[in-house]
Amino acid sequence: MIDPAFSLGIEEEYLLVDRDTLVLAQVPGSMFDACRASLGDSVSPEFLDCQIEVGTPVCRDIGEARTHLKHMRSTIAREAARHNLAPISAGCHPSADWMNQTHTKKERYDTLKQELKSVADRMVICGMHVHVGLDDDALRADLINQMAYFLPHLLALSTSSPFWNGRDSGLASYRVAIFDNLPRTGLPPQIESWGGYRMAVDALVALGVIEDASKIWWDLRPSDAFPTLETRICDAQPRLEHALSLAALNQSLLRMLWRLKRSNQRWRDYDGFLLSENRWRAQRYGVTGGLIDFGRGEIVPTPMLLEEMIALITEDAAVLGCLPEVEAARDMLENGTSAERQRAVYDTADGSEDGLKKVVEHLIAEFQQDL
């Protein structure tokens, strides 16, 4: 039996802001054309015309993913600067008014707007998606149930959207609250088999409810376009290195679960009701509130959970060549998640309006930090 490739692909969504006013700005056509000339199909428009999306090709390892992602981020930043614009990578813009945004004029997005109505209008949010190559459908169906346990842990580390519409939401990830308004979102349901999953998807397609499985927007899903499991729960990351740490954790966790399966073992499947409680804790508190360890029957601080996770996947990360990136996830605790860093910047500024501008400037600077 051939081992899975555990190849890697990363998709990121960015917002563009005006360098003078720090408000959201439409992606100029000439800027997009220049990015496309440099990046090819790796760059694409997003639902809102203030957004742009990038996606790496299939990468053999995290080092290859770093090279591609750094090049894409650098290109977007360079071409934006030619128009006095700057990209930010965070779950939400701190002060943007969603009612002032317009969607990209494209048939796909026109249809989405028609289907979702006002729900679509509020989608001024950006996420990070990680694909891990698993070319066996039955294996994808089996591992998705087990991997769901770790989704709240990844969300907690990735939280980068504490502000919404000019005020502190009180949440570490307000992006999740917005995205959950869409249909077919949230934690994946228990999948008993690949055949059962396809039967359910095909039933919705046959009814004309969805075009294909790409309209299923769970936090973790089998990709409809690639032989991968796609983790979609993470907020977009201001810093490149933090994005790579989250990707490495994803990749290593899936290899660990496959390794257990190879030894006739498995991670316990927990009811979605219980996992949803941890998802809420991650959304609300980020890394500051801890998550429920259902085996212990207690709430465990995130630093302890991360150390246990690193110990659990060290063997796998070493094989995959991403152990430094996995261990670097500690930086998101030692120096704060983006949500915590944004609040720290806001708290040091006098006056809410000036404080929110300082947060945007901080996000611009962090995007540039690892380039």
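Nothing in this text is a laboratory measurement; each read-out follows from the coordinates by a stated rule. Keep in mind it's a predicted model, so treat the numbers as computed, not measured. Cβ atoms come from the backbone with ideal geometry, glycine included; neighbour counts cover every protein chain shown.
Of note:
- Taking only the C-alpha atoms of region 8-369, Rg followed by Dmax gives 19.6, 59 Å.
- The spacing between region 27-71 and region 156-216, judged by their C-alpha centroids, is 23 Å.
- Relative contact order of the chain, defined on C-alpha pairs under 8 angstrom at six or more residues apart (%): 21 percent
- Rounded to the nearest whole angstrom, the semi-axes of the ellipsoid equivalent to region 1-45, taken from the Cα gyration tensor as √(5λ), stand at 33, 15, 6, largest first.
- Helices of the chain meeting both criteria, an alpha-carbon length of 24 angstrom or more along the long axis and an average Kyte-Doolittle score not below 0.5, with helices taken as full DSSP H segments, are 302-320.
- Counting 0.36 nm for each residue step from residue 319 to residue 167 and taking away their Cα separation leaves a gain of 50.3 nm.
- Estimated FRET transfer efficiency when R0 is 35 angstrom, pair residue 328-residue 97 (beta carbons, to 0.05): 0.45
- Estimated FRET transfer efficiency (residue 294, residue 261; beta-carbon r; R0 22 Å; 0.05): 0.60
- For region 8-369, the antiparallel share of DSSP beta bridges with both residues in that region comes to about 90%.
- Once exposed loop trypsin sites (Lys or Arg not before Pro) are cut out (DSSP; at most 11 other Cβ, 10 Å), longest piece of the chain: 118-267
- Volume per residue that the Cα convex hull of region 320-371 spans, once the total is divided by residue count, Å³: 78 Å³
- Convex hull of alpha carbon positions in region 89-237: directionally averaged projected area 9.2 nm².
- Using a simple spin-label model with pseudo-atoms 7 Å out from Cα toward Cβ, residue 58 and residue 348 lie 4.5 nm apart.
- Between residue 211 and residue 117, the contour length at 0.36 nm per residue exceeds the Cα-Cα span by 32.1 nm.
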